[in-house]
1. Find the residue count for the stretch 471-503, including only residues that are within 16 Å of ligand 3 (Cβ to nearest atom), of a type outside the set (Phe, Trp, Tyr), assigned to a loop (DSSP other than H, G, I, E, B) and in contact (Cβ under 8 Å) with a residue 60 or more places away in the chain.
2. Cβ contacts < 6 Å: first residue more than 9 Å from Gly681 (Cβ to Cβ), restricted to the stretch 705-724; second residue open to solvent by 70 Å² or more (accessible area, probe 1.4 Å), any location; separation 6+ or different chain. Result?
3. Which of the residues spanning the stretch 638-657 are β-branched (Val, Ile, Thr) and crowded, with 19+ Cβ neighbours inside 10 Å?
4. Looking at (1) in a helix (DSSP H, G or I); (2) more than 25 Å from Ala319 (Cα to Cα); (3) not acidic (Asp, Glu), find the lone condition where Ala380 falls short.
5. Got a sec? Which of Val404, Val458, Val450 is of a type in the set (Val, Ile, Thr) and in contact with a Leu (Cβ under 6 Å, 6 or more places away or on another chain)?
6. Taking the residues in the stretch 245-289 that are buried (at least 20 other Cβ atoms within 10 Å of the Cβ) and of a type in the set (Val, Ile, Thr) as candidates, determine which candidate is nearest to Ser339 (Cα to Cα).
7. For the stretch 209-226: of the residues being surrounded by 16 or more Cβ atoms within 10 Å (Cβ to Cβ) and within 12 Å of ligand 1 (Cβ to nearest atom), which is nearest to Tyr385 (Cα to Cα)?
8. Does Arg285 satisfy the condition of being away from ligand 1 (no atom under 14 Å from the Cβ), at pLDDT below 95 and among the basic types (Lys, Arg)?
Amino acid sequence: MQGLYGDVIIEISHEKLDRPFQYKIPESLRGELYLGARVEIPFGKADRIIKGYLINITDKAEFPPEKMKEIIGLSSGIGEAGAEDQLIRLAIWMKRHYGGTLIQSLRVVFPVKKVIRPKEKKTVELLITPAEAESIAEECDRKHRTAQARLLSALASCGEMDLTLLREKLNVSAAVIHRFEEQKLVRLSVERDYRNPGTAENTRKKVCKLTSTQQAIVDDFVKNYRMGLRDPSLLFGVTGSGKTEVYMEMISEVLKSGKQAIVLIPEIALTFQTVMRFCARFGSRVSYLHSKLSAGERYDQFCRAKDGEIDIMIGPRSALFTPFPDLGIIIIDEEHEGSYKAENMPKYHAREVALERARLANAALVFGSATPSVDSFYHAKRGEYRLYEIRDRISDTGLPSVYVADLREELIKGNRSMFSDVLSSKIRERLNNKEQIMLFLNRRGFAGFVSCRKCGEVMKCPHCDVSLSLHGRNRLVCHYCGYETPMIHKCPNCGSKYVGGMRAGTEQVEEMVHGLFPEARVLRMDADTTKEKGGYEKILSAFSNEEADILVGTQMIVKGHDFPKVTLVGILAADLSLYANDYRAGERTFQLLTQASGRAGRADRPGEVVIQTYSPEHYSVAAAARQDYNDFYAEEIGYRNLMGYPPVSHMLKVLVEDKDPDRSKDMASDMANVVKSFGIGMVIGPAQDSIWKIKDIYRNVFYIRHADMEVLADDKDILENWRRENPTGSTQVQFDFDPM
Ligand code: ADP
Ligand code: ZN
Ligand code: ZN
């Protein structure tokens, strides 16, 4: 890289990143230096020679050059800093692929350093043997004292646990703990140097004998790992098929060689039980991250990883940056989950960053899912990932029976409620049998699409094959290419006048349930009811304690929780996510329907699922009803191929924001023209973004499509350079690769 001056940071920590020191780049080094290079510099009054990282190269001096010291040279000990070096390279890779500044990327990679005020830590410790605890737990369970049972069986597997964790994640009240204390079953100890969710002093290491399928997968992994082969693998196994056991075996192999492991689990699925399983198996060398940790606590966890005090880090996407000195494996469970994609700049995807981190560390990488992302499955099909499959659940309750209710026919029958006849009669049956019901409204996909309630026809963009969105009362707009047409009031397919947007929310569902089934006790879980701290856990545990018959909710209710008494799952409007205005709508719908169906009948009772839809013939709905991933994939990849959507091709979304709607629009079209004249790839748009205005900022977008991600990264560089040369005050530009 060329340039006269270089910004150097001398210590990598979040709060130092903003204070780089500028140095002159001597002639001899020009063109030799690169971002992230470790350089030697004179520092301080005495010009002590120290090492630092070069984070920017520029021709603009920040203070008079005659006062500036010179970079001495490249540090000879490349790689000596281990994890830190790798993480800097990772940040540079992120800057290149997701845009923004290197500082922005470094900030994501390195956590904030803070001195931690030692907090009073309270630990609950088991005073009886694990076996005794288990047997009392069983007794409590029989007497429906579920909180007591939960507490004892958790302690049985871990010995001792943090009080806050017990109260929040396990939802055990202080009174319960107090009662056990009086009975001398547990002891509450204050201010021990507690740092782990559970320590393993008197832990039983439960290792179950793997099934032959599980064992074959582990054997193959071990064989490849020992041979030094590091191509990523995809573990495709239905929920409850024993994937977590497989991960733990893989980790145990990697730990044997003195290396460390990162396990990513989406925050919402990161249950107490999961963490405990790892603790029970690997003891106190496990730590975990979650969003409720303060910056200081997070930093502390990272330090412990760096210092070799722990070997396994479990957490959401940010755990990917754990500075382990010798990382051996990264596991991404539920790899299809949307939460692995960052929402702020740099908008990275944990799957992609994990590929790069694993490459830098020469670590193994394992993706796992019951409904793999089309992306990962595509790579597996092409032989780029090893594909491991587990087809059966460990327990022998089969998969649930699925019924599809055609809402068009309900309309013809004159049923205008939100419940088809088959769903209402099944709800009634369950209420009589004292079994539980989950009603699921996939409302997040709700984006104002317009359809015919009589024949199910959805108004789509003739150019992009995604749904048009209703703007105001009268305009239908495509958010990819900008195509517009006035609102259609008569169905172009059947002529019916029942054309309109779908509007329904969890609150309305709850009201209707009260109206139709007044005797039922209902809980609702959505963004509103889970706002307060611990709200999510509270509702889940109330439902699992059978304090309600029906749980109504959004996405949140379908993730990873076992409710053995749930024998019926109703999906109220499959179409809400089916016709979201982006190319992943079919994939997301298939995943949601499959995962929601998986909630029914998990213990000894068979489950049933009712999927209500206006589009029973749509392949996402039909394949989900048959629980056939391969059929779904075949259709979906055909569509992606035809339309040139990822993973067959890649898309770069360029979002232009400005207070002035015209400036936002003009800048988007100028930038689109820059790509058309200097860049490579196909430009789609510009158009208004699906959310055109947020807090009085107007948003226009365009997309660039190309089969090669690196070409898109080049386009992004071209646009960033062009922006530097044509600065416009307040306009903001964000890049998003393969947007979701
Ligand atoms: P997944 O991660 O695919 O959802 P889990 O690993 O959680 O599956 O396994 C589901 C259940 O089956 C767990 O309770 C687990 O302890 C149990 N299990 C997994 N493998 C075995 C095995 N080989 N033998 C007995 N039980 C198993
Ligand atoms: Zn129609
Ligand atoms: Zn279009």
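1. Result for the stretch 471-503: 4.
2. From the stretch 705-724, the pairs are Ile718/Phe678.
3. Matches in the stretch 638-657: Val654, Val656.
4. If we test Ala380 against (1) in a helix (DSSP H, G or I); (2) more than 25 Å from Ala319 (Cα to Cα); (3) not acidic (Asp, Glu), just (2) comes out false.
5. One residue alone meets the criteria, Val450.
6. Ile265
7. Filtering the stretch 209-226 for residues that are surrounded by 16 or more Cβ atoms within 10 Å (Cβ to Cβ) and within 12 Å of ligand 1 (Cβ to nearest atom), the one nearest to Tyr385 (Cα to Cα) comes out as Ile217.
8. Judged against the criteria, Arg285 is a match.
The values are calculated or read from the model by the stated rules, or taken from the named source; none is laboratory data. Note that the coordinates shown come from a computational prediction; the quantities given were computed from them, not determined experimentally. As a convention, Cβ positions derive from the backbone with ideal geometry for all residues, glycine included, and neighbour counts pool all protein chains shown. What goes into the accessible areas is simple: the full protein's heavy atoms, side chains included, and nothing from ligands, DNA or RNA. Shrake-Rupley method; radii C 1.70, N 1.55, O 1.52, S 1.80 Å.
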